[in-house]
Amino acid sequence: MQHVLSSQNICFIGAGPIVEAIIRGILQHHDMHDHITVTNRQNTTRLEELQHTLNVNIATTKEEKKQSISKADIVILGMKPHNVKEVVEEIEPYLSQKQLIISIVAGLSIASFQQLLHDRIPFIRTMPNTSSTIGLGVTGIAWSDEVTTEQRQLVKAMFEGIGIVKEIEEEQMHILTAIAGSAPAYVYYFMEAMLKGALDHGLDRQDALDMIVQTVIGAGQMVNITKEDPATLRKNVTSPKGITAAAIEKLDEGEFDYTIVSTIDRCVERSEEVEDMVNKINSTP
């Protein structure tokens with residue numbers, strides 16, 4: 001499958017950090033600089049930066065964009081959600097059913113895209129999170145009925161270059177957003193509070209941050225390596241009436257479990273709201 005991916009022409013529409021991360025992930029495993037082209041609507045400086053740092057092709061003129069999109073086996077949509085309708089209208093004449101369209105656009109549903117395109121080109125919806133930019137991301141993938149088994153494997157090979165990949169039903173994109181897409185922010189928020197507590201007790205800021213970061217990494221790796229349930233690992237660290245038990249009691253007083261679950265519920269709800277908004281914007285005549 002690596003050989004098959006290496007033979008594909010890929011055109012990225014959009015040049016943001018996640019696009020750059022995907023390209024870096026591909027190039028780390030496949031020598032296909034000549035097979036990758038990046039274009040966007042206006043920011044030529046950003047395209048030139050990617051061309052210089054990643055040694056990939058860029059398309060800046062209307063004719064270059066037409067040629068790059070037309071010859072692409074895979075077209076990856078990475079524009080802002082509110083620009084989808086306008087961009088799709090621009091590129092529609094250059095698309096065909098032989099191509100695979102991949103979206104990393106937040107909130108853009110499969111049905112909404114196919115309605116915009118007035119065609120049933122194979123379409124895959126993805127949701128990578130920000131940790132993808134360092135190769136430790138989580139990407140959820142859902143696809144239209146037109147996507148073949150081979151195309152699914154191609155896309156998995158592509159996104160495994162920036163982390164782990166989970167195939168999910170499209171309606172599960174909202175919960176994936178809550179526990180992976182938005183979730184790094186919850187962890188950073190927790191680390192902020194840990195750092196504040198450390199500073200209140202006189203620790204040097206950098207020393208405290210180093211210890212907090214290593215603790216978070218270590219705890220995650222303990223779950224990953226041991227395959228133990230997080231609840232089991234927590235109990236193993238929490239001796240009855242001990243120091244950790246006293247700390248956990250304080251979390252319980254603040255309804256920590258309820259707060260986190262409520263956070264996830266609200267994130268799911270907001271993700272649904274954003275999807276409705278994005279699809280309405282892009283379906284407006």
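Would you call residue 50 assigned to a helix (DSSP H, G or I) and either in contact with a helix residue (DSSP H, G or I) (Cβ under 6 Å, 6 or more places away or on another chain) or not assigned by TED's automatic domain parsing to the domain that holds residue 164 (or both)?
Values: assigned to a helix (DSSP H, G or I): yes; either in contact with a helix residue (DSSP H, G or I) (Cβ under 6 Å, 6 or more places away or on another chain) or not assigned by TED's automatic domain parsing to the domain that holds residue 164 (or both): no.
It is false that residue 50 is assigned to a helix (DSSP H, G or I) and either in contact with a helix residue (DSSP H, G or I) (Cβ under 6 Å, 6 or more places away or on another chain) or not assigned by TED's automatic domain parsing to the domain that holds residue 164 (or both).
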Please work out which one of (1) more than 16 Å from residue 147 (Cβ to Cβ); (2) surrounded by 16 or more Cβ atoms within 10 Å (Cβ to Cβ) is the condition residue 53 fails and give its number. (2)
Any idea which residue in segment 160-195 is farthest from residue 209 (Cα to Cα), counting only those that are touching a residue at least 60 places away in the same chain (Cβ under 8 Å) and of a type in the set (Val, Ile, Thr)? 175
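Out of the residues in segment 156-165 meeting the condition of being in a strand (DSSP E or B) and of a type in the set (Val, Ile, Thr), tell me which one is nearest to residue 93 (Cα to Cα).
Kept after step one, since they are in a strand (DSSP E or B), are these residues of segment 156-165: 163-165.
Subset that is of a type in the set (Val, Ile, Thr): 164-165.
On the way: 164: 34, 165: 32 Å.
Checked segment 156-165; the qualifying residue nearest to residue 93 (Cα to Cα) is 165.
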Going through 108, 117, 95, 154 one at a time, which residue ends up being over 20 Å from residue 41 (Cα atoms) and not assigned by TED's automatic domain parsing to the domain that holds residue 186? 154
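Restricting attention to segment 19-43, report how many residues are assigned to a helix (DSSP H, G or I) and buried (at least 20 other Cβ atoms within 10 Å of the Cβ).
Initial filter on segment 19-43 (assigned to a helix (DSSP H, G or I)): 19-29, 33-35.
If we keep only those that are buried (at least 20 other Cβ atoms within 10 Å of the Cβ) as well, we get 19-23, 25-26, 35.
Looking only at that region, the number is 8.
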Determine the pairs where a residue that is at pLDDT 95 or above, located within segment 221-249, has a partner that is outside any helix (DSSP H, G or I) and surrounded by 11 or more Cβ atoms within 10 Å (Cβ to Cβ) with Cβ atoms under 7 Å apart, the partner being 6 or more residues away or on another chain. 244/238; 245/238; 248/238
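Give the number of residues within segment 235-271 that are farther than 24 Å from residue 173 by Cβ and either over 32 Å from the mean Cα position of the chain (by Cα) or not aromatic (Phe, Trp, Tyr) (or both).
Let us first name the residues in segment 235-271 that are farther than 24 Å from residue 173 by Cβ, namely 235-258.
Pick out the ones that are also either over 32 Å from the mean Cα position of the chain (by Cα) or not aromatic (Phe, Trp, Tyr) (or both) and you get 235-255, 257.
The number of residues fulfilling the criteria is 22.
With respect to residue 266, is the statement that it is farther than 30 Å from residue 82 by Cβ, exposed (fewer than 14 other Cβ atoms within 10 Å of the Cβ) and basic (Lys, Arg) true? Show your work before the answer.
Working: farther than 30 Å from residue 82 by Cβ: no; exposed (fewer than 14 other Cβ atoms within 10 Å of the Cβ): yes; basic (Lys, Arg): yes.
No: the conditions fail for residue 266.
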Is segment 4-18 home to any residue that is under 13 Å from residue 78 (Cβ atoms) and assigned to a helix (DSSP H, G or I)? yes
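The values are calculated or read from the model by the stated rules, or taken from the named source; none is laboratory data. Only a predicted model underlies this, so the values are computations on that prediction, with no experimental measurement involved. Using ideal geometry, Cβ is built from the backbone for each residue, glycine included, and neighbour counts are taken over all protein chains shown.
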